[in-house]
Amino acid sequence: MNLPISRRDFLDGMAIALGASMLPAGCRPDEPEVPFAPERDPRYYPPALTGLRGNHPGSFDVAHQLRDGTLRKTLGRPHDTGERYDLVVVGAGISGLSAAHFYRKVHGEAAQVLVLDNHDDIGGHAKRNEFTAGDRTLIGYGGTESIESPAQYSAVAKGVLADLGIEVRRFYTAFDRHRYARLGLGPGIFFDRETFGTDRLVRGDADAVSRTLLQRAPLSAVARRDILKVFQDRQDHFPGLTSDEKKTRLARLSYRDYLLTILHLAPDAIPFFQSRTHDLYGVGIDAVPAFDCWGLGYPGFAGLHLAPGSGPGIGLTPLLEMNEAEPYIFHFPDGNASIARLLVRRLLPQALPGRTMEDVVTARLDYATLDAGAAPTRIRLNSTVVRVRHVGDPGSAREVEITYVRGGRAATVRAGACVLAGWHVMIPYLCPELPERQRTALSYAVKVPLVYTNVALRDWKAIAKAGVAEVVAPSSYYYRVSLDFPVDLGDYRSSRTPAEPAVLKLFRTPCHPGLPARDQHRAGRTELLTTPFATFEHHLRDQLTRMFGAGGFDPATDITAITVNRWAHGYAYEYNSLWDGPWEDDQRPCVVARQPFGRITIANSDAGAFAYTNSAIDQAWRAVQELPA
Ligand SMILES: Cc1cc2nc3c(=O)[nH]c(=O)nc-3n(C[C@H](O)[C@H](O)[C@H](O)COP(=O)(O)OP(=O)(O)OC[C@H]3O[C@@H](n4cnc5c(N)ncnc54)[C@H](O)[C@@H]3O)c2cc1C
């Protein structure tokens, strides 16, 4: 733990070097004016950057200055690039890239399209991380993980997968579902001393606890009894109510309150369940409706005999409606970054060599070609859009002017139309002339903050010795730790044996139990943006040592690199029956928010209030359909 971390010194050095090269042209008086174009540097390769990634340093400063009203002071008069496009898309996430793809399908491949994004890489949440381990490259996902329930995708979203050459059945052989079990590894639970009195890693499944498992856990006799009671409960706690009435009750009750006040659990038992909902909701059971937890199959509801599906006036989150019997295997080694990369390949074939869903896995994206040459489509990274306005009256204007800041300078381009595929909370700042009701609805979409940390390991012998492949840690800094998915695709071979290098995943949601969900997200975002890399690193070294130290884990020698994907603006906000609505379908904030405005239309997964890739695609399709002819 005390070893000086040469790795971090190296990272800080990298950040400084990159930062200097990113200074705006002409900022240093002794140097001649050179155009700002870091992407042209042959060393520019964001997937291999380590340290703080996701919403990386430098990606949000301009946006926050715009929010705070301080941007104008630092910028001069925008420079008119003279560039004219048919379409400008704001945001190079899956929604923005899909919008560009759909537009070209409708208007032909010669259509002039510019995609702008404030990050240094394409994909938005669909982020690729790479590590070098000897002569081998390890690939990980920094955000969007998998294609969830593809059979339930809309025809439009399925069509995009088909356009990109993605055959989901390929994952049935690419994803080795039994690799860890063959090695004798299973799930585990880590009890930390701060909450449970002692550090203990227990083999066993937190989703199917047994008396023997609980006996090995550092829990009081009362907590053991009550945790087991939840799993074995068969009582109808709402006798005399219909299934719909019971659902309505559950929709207004958090799972925590259900456990405490309906199942009468002792408070001692609650920490065991608290973070179960972090993965999907980014908050604990205090802020997730019991109704959703029933839909997810959590324990404690068997005796209620609820009919399947939603209830009157309460929608199950679309995920639960979607969640059919498909296995969770539709995963590229870099997650859905492969979808973003395949979209780029369609838009700019010269940028990413190859033709298939397999060769894309190891193909190297040539960032220098994204915004170069005579290609009709361009992707301009490191560019924060700060203003989108019609040139003239929105009802009759022929053009939209888009102002963005790149390398410290403001510049403008014009376009026949614009799709806003970035985060909804930012749109009122870009288009202050939108109707007030629409701006309020756009601001409703408070995104969920999350951290996906990838740790490159020299080997994973100590983890294998503990007999686990995935550990839930109900009260620790990282609530879940997991070996990477065992997926081999194209030329990529994932780590097969504990002696090989591998990527370990650590997940954190910076929530603040006790507050309403959106306030938890706001507080979590502030926390994330003020937490330095060293803190994330300290916690992971400490936690991994406490979990796997008995098997010989030594952070000083076992960890070879760390990438912390900080998503201050993560999942799209999904409505929560504890605080939101009920609304008529067409009065939901996301519907009010996504109304077209002259030549400007609005996409992003926020527009569906659904944090999934198919929502990003579906909303892009709608936004392109809504563009004026
Ligand atoms: C950690 C994480 C894990 C996830 N896992 C899954 C999963 O397993 N499966 C799944 O289906 N979905 C998952 N999701 C949901 C994910 O959000 C969607 O899948 C999808 O990738 C969202 O795409 P998007 O284009 O709507 O938004 P984003 O990916 O956020 O893209 C929007 C882009 O616009 C940029 N932007 C915003 N404002 C501006 C501006 N003013 N100027 C320039 N650029 C701007 C943003 O910086 C961003 O790059 C996950 C999300 C996160 C955060």
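Bear in mind that the values in this text are calculations on the coordinates, not laboratory data. Everything quoted here is computed from the prediction, not taken from an experiment. As a convention, Cβ positions derive from the backbone with ideal geometry for all residues, glycine included, and neighbour counts pool all protein chains shown.
Quick notes
- Net charge of neighbours whose Cβ lies under 15 Å from the Cβ of Pro432, counting Lys and Arg as +1 and Asp and Glu as -1: +2
- Estimated distance in nm for a label pair at Arg458 and Thr212, the labels positioned 7 Å out from Cα along Cα-to-Cβ: 3.6 nm
- Among His424, His569, His119, His539, the order by Cβ neighbours within 10 angstrom, fewest to most, reads His539, His119, His569, His424.
- In this structure, the amide hydrogen of Ser310, modeled 1.01 Å from its nitrogen in the peptide plane, lies closer than 5 angstrom to those of Leu316, counting only residues at least 5 positions away or on a different chain.
- Once the chain from Asp61 to Leu260 is taken as fully extended at 0.36 nm per residue, the excess over their C-alpha distance is 67.3 nm.
- Each Lys or Arg adds one and each Asp or Glu takes one away; over the other residues whose Cβ falls under 12 Å from the Cβ of His264, this sums to -1.
- The calculated 222 nm mean residue ellipticity attributable to helices in the chain amounts to -8000 deg cm²/dmol, summing -39500 (n - 2.57) over DSSP H runs of n ≥ 4 and dividing by all residues.
- Gap separating the Cα centres of region 353-397 and region 40-57, nearest whole Å: 18 Å
- Label-to-label distance, nm, for residues given as Asp279 and Thr440 (7 Å Cα→Cβ offset): 3.8 nm
- Compared with the direct C-alpha span, the chain from Gln625 to Asp359 gains 92.6 nm at full extension, assuming 0.36 nm per residue.
- Amide hydrogen neighbours beyond the local backbone of Leu578, cut-off 5 Å, H modeled: none
- The gain in end-to-end length when the Lys465 to Glu167 segment is fully stretched comes to 103.6 nm, 0.36 nm per residue minus the alpha carbon separation.
- Compactness relative to 2.2 N^0.38 Å, alpha carbon Rg of region 219-321: 1.03
- Region 192-271-region 408-456 distance, computed between alpha-carbon centres (Å): 40 Å
- Taking other C-beta atoms within 10 Å as the exposure proxy, Met357, Met426 rank Met357, Met426 from fewest upward.
- Bridging of Lys465 to lysines at a Cα separation below 20 Å is possible for Lys505, once same-chain residues fewer than 8 apart are set aside.
- Inter-centroid distance (Cα atoms) of region 75-118 relative to region 574-629, Å: 20 Å
- Cα convex hull of region 424-558 - mean projected area over all directions, nm²: 11.5 nm²
- Residues whose amide H falls under 5 Å from that of Ile166, counting only those 5 or more places apart or on a different chain, are absent, with hydrogens built in the peptide plane.
- The magnitude of the dipole of the chain, with charges of +1 and -1 set on the Cβ of Lys/Arg and Asp/Glu and taken from the Cα centre, is near 420 debye.
- The trypsin sites (Lys or Arg not before Pro) found in region 448-498 that occupy coil by DSSP, while having at most 15 further C-beta atoms within 10 Å, are Arg493, Arg496.
- Acute angle (nearest 10 degrees) that the helix 337-347 long axis makes with the longest principal axis of the chain, alpha-carbon atoms: 20 degrees
- Between the helical axis of 6-21 and the longest alpha-carbon principal axis of the chain there is an angle of about 20 degrees.
- In terms of surrounding Cβ atoms within a 10 Å radius of their Cβ, Asp334, Asp585 rank from fewest to most as Asp585, Asp334.
- Net charge of Cβ neighbours under 15 Å - reference Gln587; Lys, Arg +1; Asp, Glu -1: -1
- Distant alpha-carbon pairs in the chain (separation over 46 angstrom), percent: 16 percent
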